[in-house]
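Here is the structure we will look at.
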């Protein structure tokens, strides 16, 4: 994948920047912003996007539908962040990564499908990197708060894109192999299901839930 990175001090939304240009932009286009003024997550929920975070969206144009793409994004984000965190990272169904019962990162996959084939996927990922505090009503945590040290955003972005490339190649050529790697890498981490208030393991989550 030839990643083409466009960096911004601020955008209303990296997701909308990609989406509004998705037809003409090449696959591998990446938009990164230091802050967003109108960031959003799943179901249009507001994504709090102050300076200090990593807010990125990327464009994929596969030849087939990828229903497990959200799992790929969770896997790539989790495995990219693992080396920065001393403790275990967990997940909240369907698209968040948690530490100490607070949100560390979230992913979002938006698709345009025509005649049962994808025109494109816009994949959004938000990671709390270097924020030192959050409002009391925002149950979030940053890598800086977890580790008591700063994190280089460019380094994290490169680690993230590397993992997405690995997963994207696997999920297209050998989805069964990707599933096996997903389960092996996530192991027995908790996946909290807010509907049942019960934890699942990675295998139950992958094979028992669809977005």
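Shown here is the pair-distance distribution of the range 71-159: with all Cα-Cα distances grouped in 10 Å bins from zero up to the longest one, the shares run 16, 47, 25, 10, 3 percent.
A protection proxy built from the mean count of other Cβ atoms within 10 Å ranks the segments 19-28, 130-139, most packed first, as 19-28, 130-139. Normalised by the number of residues in the range 1-159, the average gap of Cα pairs under 8 Å and 6 or more apart makes the relative contact order 21 percent. Shape summary: the range 127-211 maps onto an equivalent ellipsoid whose semi-axes, from the alpha-carbon gyration tensor, are 28, 21, 10 Å in decreasing order. If you wrap the tightest convex hull around every Cα atom of the range 110-164 and split its volume per residue, you get 118 Å³. For residue 149 and residue 8, the FRET efficiency from 1/(1 + (r/R0)^6), where r spans their Cβ atoms and R0 equals 22 Å, is about 0.30. Taken over the range 1-122, the alpha-carbon convex hull comes to 120 cubic angstrom per residue. Look at the alpha carbon pairs under 8 Å that are at least 6 residues apart: their mean separation over the length of the range 86-211 gives a relative contact order of 21 percent.
No lab work stands behind these numbers, since they all come straight from the coordinates. Quick caveat, the model's predicted, so the values are computed rather than measured. Note that each Cβ is placed from the backbone with ideal geometry, even for glycine, and that neighbours are counted across all protein chains shown.
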